[in-house]
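Note sheet for the following structure.
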Amino acid sequence: MSAAVSHELNQPLAAMKTYLAGARLLLRRNRPDEALSSFGRIDDLIERMGAITRQLKSYARKGQEAFSPVDMGAALASSMSMMEPQLRQRQVEIVRILPDEPVIVMGDRMRIEQVLVNLFRNALDATKSERNPQVEIILSAGETATLTVRDNGPGIADLDALFEPFYTTKQPGDGVGLGLAISSGIVNDLGGRLTARNGQAGGAVFEMQLPIMGEKNKVEAAE
């Protein structure tokens, strides 16, 4: 549990460090208004960290979470914003394919965003050695809400062990191998499934499926 919490807090901490360095530089250049924007993002990340630590309680009372309507497009945008510091450091082509209509699921937005951040981070890591790195994100709605993250990296060598705790292909210090195990558990708790495969043209393809918000849920949410 200690390792899991450390893993999930590392991402916002890294983002806060980047925003703080930027704000310090802006203040030295006498640009306080722009620095305030960075401080605002740091405040959002502090709130996120608080939400992550509050989730510790949910492990003790699993199955009692109160779900609410989550706009997958909004969750996607928030997760991409959290990855902005990493995206600034690298030239990665991000292709987003989204439907015209909102895709709404019943779930926990904070936990869904945790999964999305993990998938994006893994996709970015997978493309580090590629000359023209590309990550494709596709959101679609049918019988389920499906979010697909595809990269043009080397692919997955051991699909069977991928979602096992502490399995990792990263170098020491780059990760403890808990991200996908945690993500899979979150998606299962939300009534969905997280799968992975190697793409026909190469690279890894992760697919998160969550139950679409039904008419009954819409009426209950409105009430």
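The values are calculated or read from the model by the stated rules, or taken from the named source; none is laboratory data. All values derive from a computational prediction rather than experimental measurement. Reconstructed Cβ throughout: ideal geometry from the backbone, glycine too, with neighbour counts over all protein chains shown. The area values use the complete protein model at the heavy-atom level, side chains included, leaving out ligands, DNA and RNA. Shrake-Rupley method; radii C 1.70, N 1.55, O 1.52, S 1.80 Å.
Identify, please: which residue in segment 166-208 is open to solvent by 50 Å² or more (accessible area, probe 1.4 Å), under 20 Å from Thr146 (Cβ atoms) and assigned to a loop (DSSP other than H, G, I, E, B) and is, among those, modelled with the lowest pLDDT? In this case the residue turns out to be Ala201.
Residue by residue, here is whether (1) farther than 16 Å from Leu119 by Cβ; (2) buried (at least 17 other Cβ atoms within 10 Å of the Cβ); (3) among the basic types (Lys, Arg); (4) modelled with pLDDT under 80 holds:
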| residue | (1), (2), (3), (4) |
| --- | --- |
| Arg48 | yes, yes, yes, yes |
| Thr53 | yes, no, no, yes |
| Ala74 | yes, no, no, no |
| Ser78 | no, yes, no, no |
| Ser81 | no, no, no, no |
| Pro85 | yes, yes, no, yes |
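When each of Met110, Met106 is tested for being surrounded by fewer than 19 Cβ atoms within 10 Å (Cβ to Cβ), hydrophobic (A, V, I, L, M, F, W, C) and either modelled with pLDDT under 90 or in contact with a helix residue (DSSP H, G or I) (Cβ under 9 Å, 6 or more places away or on another chain) (or both), the lone residue that passes is Met110.
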